[in-house]
Amino acid sequence: MHKNKNDKISVAPEEWFEDVKSEEDSEKDHERSPKAKRMKYCLVIFLLVFGIIGTVIGIIVTRNKRCKVENKEELGNGVCNSDYNTEVCKWDGGDCVEFNKNVEKYPDCFVSKRWNESGLFDSRWGNGKCHSNYNTEVCGWDLGDCELYNSLVNCPGYINPKLIGDGICHNYDDYNTEECGFDGGDCIEFNKYPDCNVPNGGYIGDGYCNNYGEYNTEACGFDGGDCVEFNEKYPNCSVSYSSWIYDDPHRIGDGRCNGREYNTEACGFDGGDCKEFNEKYPNCNLENPARIGDDRCDGGEYNTEACGFDGGDCIEFNEKYRNCDVNDHPYFVGDGYCFDWGYYYTEECGFDGGDCKEFKEKYPDCYVDNPHRIGNSRCDGRAFNTEQCGFDGGDCTYFNEKYPDCYVNSPDLIGNGRCDGGEYNTEQCGFDGGDCVEFNEKYPDCDVDDPDLILGNGRCDGGVYNIETCGFDGGDCAEFNKKFPDCDVDDPYRIGNGSCDDRGDQYITEACGFDGGDCTEFNEKYPNCNAYTPTRIGDGYCHGREYNTEACGFDGGDCTEFNEKYPDCDVYSPEDIGNGRCDGGEYNTEACGFDGGDCTEFNEMYPDCDVLSPEDIGDGYCHGREYNTEACGFDGGDCTEFNEKYPDCNVDYAFRIGNGRCDGKEYNTEACGFDGGDCTEFNEKYPDCDVLSPEDIGDGYCKNWGEYNTEACGFDGGDCVEFNEKYPDCNVDYAFRIGNGQCDGEEYNTEACGFDGGDCS
């Protein structure tokens, strides 16, 4: 026994010492035994293992409590994302805190109910704009967004609340009236121009010259000053919002060459932007010259000699696919996506430039519009989910195992948490994957579409919704039905909304309380007025025909000034008189002041030219028939070159001659150079085929109407060969619908047509 020199030794009785000693010895003997050692080691190992397991469990639990997001930037970005509206995501980084408070504050609002019951989030609630559906006490008057609108107690009910005070002056219907606070204050600045009658006052003085209607007029301050500089520089340039694309003067001189009416002398050849283009391609007249030489082959009129074969972009394509006739999008050929329809999937186009090779080897009998959706991990229904298409490339395997007899357009809607009605809510589809179980228990005989979105949403919907089996629209129509028990209309919520609805919609009847009283004042004022839309009476715009009659108070006084000026002018739209654009026909008459002076210059230039649209004269396109006459200056000179080339060709749209696409009938004649050479190859192949659209021959779809499916047309260029062999007595127009995965009724669902190619079996 070792002792420290500093230890103090106390004397004790000897027997005590012996007892202690014997006890220590016995403990040492126990520790030295093999069994004790094993127990000690086992205890240490047990504690180590237990500690490791505890640590792992702790890590797993911690990880499961982490917020899983695809993009961390979406957290706390100011927008409430319902997917992250959880405690572990700290209520979307705080973005959803306010929404959750509102749900708790307004539990009876249909937005709150949807969130609590189905997790459906609605971002429109309290988004700064007043929405009529949310403008109820239980929804906090759209969380206060409707405060301004509700303060305007005399503003008609048909006015859209979200447009009031949205920062844009709406100068139509009754927005810009004292009752509506001059559009919630938005029109105060605009009203500086009291004689300016344009629908959108927000365009006045917005920095852009709007050169259409009455914007660019003295009454409107030449668009609030926006058009002053333009008018001085290009007094005869008439670009406007008149065509199908949005033309506007500020594109003049914007550094980009805009074609057609921009690229004219009157518009300074687009303010000089087209100078270089015109020098290079003097005979290339396109809508969008910027597409020339953009490294992408555009077809049609772009891929012509006059336009340098799209500025060289189509040279390689033309060499490779000399006979590939895809006018719209040649760049689709060989772009990596298989288009197995139309002109692309043909031998001439290399079966879409090889894009369809692998697909067609795998699914030779699969015909769908978007083959790239096959095998994209999402189950697409109908034609995709067929044996020919490998059941959507295997995407529908699990779905088909679960619902083998469920045939719907969008299988992904099955079991998405929302009850989708119709074909989804069937036994074969598991009653929408269980989503409709609760609904069916409540309304077992209610067969409607989108029951979750419409039934019990706080608005009375009519038709099949407002019936006993659907709980009268989930209770939404209870009050309406008490008030108007015999009023059967599609949209009951329009009854008594402050707007006198159109005639012919059954709203203006005694059973519906004359639109819930909305038409009472109108009927008292104009008892014999049969105008279809009563709200147009007295809306500030002069409407013609049945509106501009004594019975309708000459459109509620709106046409008084017009009638004083043009007492014998009876046109559908008096507002078009004097709008800066020359309208033909009945507008360009002495009684209408030759369209309020708009046609004066045109008439001086072409006094005997009587066309419906004088604006088309000299627009850069050669229009045929009555436009291409001596009286009309041969379409203002647009047809001079055409007439020299084809003096006896009389067609409606002369600009289609030689546009790279074969047009049939009167275009494909000797007088028209067989469509300017566009039909040469077609005629060699099918000399006796006379169809309206030769381009549709051999496009991959069997057209079983007219002369397409005839021997003279190669049985639609071969598209109908297989169909004719399979269904020789099937007489339907759209043969490609046979066997497309969707059951088409009537003549398709017959024995001769194989019961729609098996789709209706």
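The values are calculated or read from the model by the stated rules, or taken from the named source; none is laboratory data. Given the structure is predicted, the values throughout are model-derived calculations rather than measurements. Glycine also receives a Cβ, built like all others from the backbone with ideal geometry; neighbour counts cover every protein chain displayed. Keep in mind that these areas ignore ligands, DNA and RNA; they rest on the heavy atoms of the full protein, side chains included. Shrake-Rupley method; radii C 1.70, N 1.55, O 1.52, S 1.80 Å.
Lys and Arg at +1, Asp and Glu at -1: add these up for the other residues within a Cβ distance under 13 Å of Cys80 and post the number.
Details: positive: Lys90, Lys101, Arg124; negative: Glu74, Asp83, Asp92, Asp95, Glu98, Asp122.
Counting the neighbours of Cys80, the net charge comes to -3.
Please quote Rg/Rh for the chain to two decimal places, taking the Kirkwood radius as Rh and restricting both calculations to Cα atoms.
On the way: Rg = 38.7 Å, Rh = 34.2 Å.
Expressed as Rg/Rh, it is 1.13.
Excluding Asp619 itself, what net charge comes from residues whose Cβ is under 10 Å from its Cβ, given Lys and Arg +1 and Asp and Glu -1? Each step should come with its number before you reach the end.
Working: positive: Arg260; negative: Glu261, Glu615, Asp616, Asp635, Asp638.
Neighbourhood net charge equals -4.
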Report the rotationally averaged projected area of region 602-731 based on its alpha-carbon convex hull, in square nanometres.
9.2
I'd like the GluC sites (Glu not before Pro) in region 451-549 restricted to DSSP loop residues with at most 15 other Cβ atoms within 10 Å, sorted by number.
Glu510, Glu546
Sum of -39500 (n - 2.57) over DSSP H runs of 4+, divided by residues of the chain (222 nm, nearest 500)
-7000 deg cm²/dmol
What is the Cα coordinate range of region 406-512 on the first, second and third principal axes, sorted by size from largest, in whole angstrom?
46, 25, 18
Dividing the mean separation of Cα pairs under 8 Å (6+ apart) by the residue count of region 313-391 yields a relative contact order in percent of 24
So what are the ³J(HN,Hα) numbers for region 87-96, from phi and the Karplus equation (6.51, -1.76, 1.60; θ = phi - 60°), rounded to whole Hz, Gly and Pro as x?
5, 5, 9, 6, 6, 6, x, x, 5, 9
Which of Tyr234, Cys396, Ala219 sits closest to the plus end of the dipole of the chain, meaning its Cα is farthest towards the positive end, when Lys and Arg get +1 and Asp and Glu get -1 on the C-beta?
Cys396
To the nearest 10 Å², what's Asp696's accessible area with a 1.4 Å probe?
40
Per residue solvent-accessible surface (Å²) - the chain, probe of 1.4 Å:
58
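Report in % the part of the accessible area of region 634-761 that belongs to carbon and sulfur, leaving out ligands and nucleic acids; probe 1.4 Å. Mind showing how you got there, number by number?
Details: 3070 of 6830 Å².
Here carbon and sulfur together make up 45 percent of the probe-accessible area.
What number comes out for the charge environment of Asn416, summing +1 per Lys or Arg and -1 per Asp or Glu over other residues with Cβ under 12 Å away?
Values: positive: Arg418; negative: Asp412, Asp420, Asp432, Asp435, Asp452.
Local net charge: -4.
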